[in-house]
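Taking it in order: structure first as C-alpha cells, then the write-up.
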Amino acid sequence: MGKISNEARQQYFDRIKTYKHGAEAILQREKSILKIITLDESGAPYKYLTLANERLNIASHLLLQNELSISLLGVKNEAFLNDARKSCYQSVIFLEEVVTNYVDAPFTDYTEKLETIQGFDDQKRYELVRKLGFTIQTVEDAFGANSKWKWSFVELEGRFAAVAKNLIDFKTLIAGLDPRIDGYVERLAHLDLVKSMFMQSANRYREKYELSTLRIDDFKRAIDFLLALRRVHVVLGEIDRAEDIKKQVEVWKSKMESDEKRAKTKPGT
C-alpha cells in the first residue's frame, strides 16, 4: 500500500465527521431512553423497538465511515466494522428484551410479550427484521470471508433468526395469511424469511461444529433450530414439510450421538 497523503487524510477526517457525530448523537439518545426505562417501565417494549432500530442506524454510520476509509485511504477500517458488528448485536439484544430469545419453545410461552407491542403492526415488524438482516449481512460482507469473526456471525445470525420468529404473532398469523387482508405481503415475506433463516442457522451451526469447534453444544444448537422450524411448519399445517424436518433431525441426532461416543472412547478422554 502506498503512502497516504496529508490531503487524502484530511479529506477523510472531514468527510467522516458527519457520520461520527450522527452515531454519537444516537448513543446519547440511547442513554437517555435507557435511563427513562429504569425509572418508568411503562411503554418499555416500544422504547426497546426504537433503540433496536437506532442501533442499526449507528451500524450504517460506521459502515459508511469504513467505506470512506477504503475509498480515500485505501485501507479497510476493522475498528469501524467491529463496532458495527457490536451494534448489530445490541440491536438483537434490545429485541430480545421485547420478545425473548427463545429458539424452540411453544408460542404461548411469549404470547404475553407480543401483547405489549400490538400497536407495532406487521409491516413495521417486517421492515425492522429486514433492516436488521440486511445490516448484519452488510457487516459480514465488509469483513470478508476470511475474517476472524467468521464464526461469531453464526451466533449473531441465529439470535437474529430467533427474534425475527418471535416477532410473529402466530395466534393471529393464520387468519392474516389471506391475500384480501392488509399486510398479507409483509406477513408472508416475514414468515418466509424466518423459515429460511432457521434452516440457514441450523446448517451454519453444524458447519461451525464440523469445521471449527467440534463442540457438541454447537451441534445441539443446530438441531434446536431444526426443531423450531418443524414447530413452525406444524402450526401452519405444513405436515409433509414438518415430517421431512423430523427425519432430518433424527439423522442429525444419530450423527451427534455417534460423535459423542467416539469422542468419549478416544485415548486420554
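Computed from the coordinates by the stated procedures, all read-outs in this text should not be read as laboratory data. What you are looking at is a predicted structure, and each value in this text was computed from that prediction instead of being measured. Glycine gets a Cβ as well: all are built from the backbone with ideal geometry, and neighbour counts include every protein chain shown.
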Enumerate the lysines that LYS148 could reach by cross-link, defined here as Cα to Cα under 21 Å, with residues fewer than 8 away along the same chain left out. LYS76, LYS86, LYS208
Given only helices, namely DSSP H runs of n ≥ 4 each adding -39500 (n - 2.57), what is the per-residue ellipticity at 222 nm of the chain, to the nearest 500 deg cm²/dmol? -25500 deg cm²/dmol
Which residue, ILE117, ILE16, ILE36, has the most motion in a Gaussian network model of the chain that connects Cα atoms within less than 10 Å? ILE36
What are the ³J(HN,Hα) values, in whole Hz, obtained from phi via the Karplus relation 6.51 cos²θ - 1.76 cosθ + 1.60 with θ = phi - 60°, for each residue of segment 168-178 in sequence order, with x given for Gly and Pro? 7, 8, 5, 5, 10, 5, 4, 5, x, 8, 10
Among 37-44, 246-253, what's the highest-first ranking by average C-beta atoms within 10 angstrom per residue? 246-253, 37-44
Can you grab the distance from the C-alpha centre of segment 136-203 to the C-alpha centre of segment 65-82, Å, no decimals? 28 Å
Options [x] -0.74, -1.51; [y] -0.84, -1.31; [z] -0.74, -1.69 - which one matches log10 I(q)/I(0) by the Debye sum over Cα atoms at q = 0.12, 0.17 Å⁻¹ as calculated here: [y]
Note: LYS261 to GLU7 extended length (0.36 nm per residue) minus current alpha-carbon separation gives 85.2 nm
Rounded to whole Hz and in sequence order, give me ³J(HN,Hα) for segment 30-41 from the Karplus expression 6.51 cos²θ - 1.76 cosθ + 1.60, θ = phi - 60°, writing x for Gly and Pro. 4, 4, 5, 5, 4, 5, 4, 4, 5, 8, 8, 7
Which ³J(HN,Hα) values, rounded to whole Hz and listed in residue order, are derived for segment 14-20 from phi using the Karplus coefficients 6.51, -1.76 and 1.60 in 6.51 cos²θ - 1.76 cosθ + 1.60 with θ = phi - 60°, glycine and proline given as x? 5, 6, 7, 3, 4, 6, 5
Answer rounded, prolate or oblate for segment 123-269, using the Cα gyration tensor with square roots of eigenvalues a ≥ b ≥ c: rounded when a/c is under 1.5, else prolate when a/b is larger than b/c, else oblate. oblate
Order these peptides, 140-152, 213-225, by their mean beta-carbon neighbour count within 10 angstrom, highest first. 213-225, 140-152
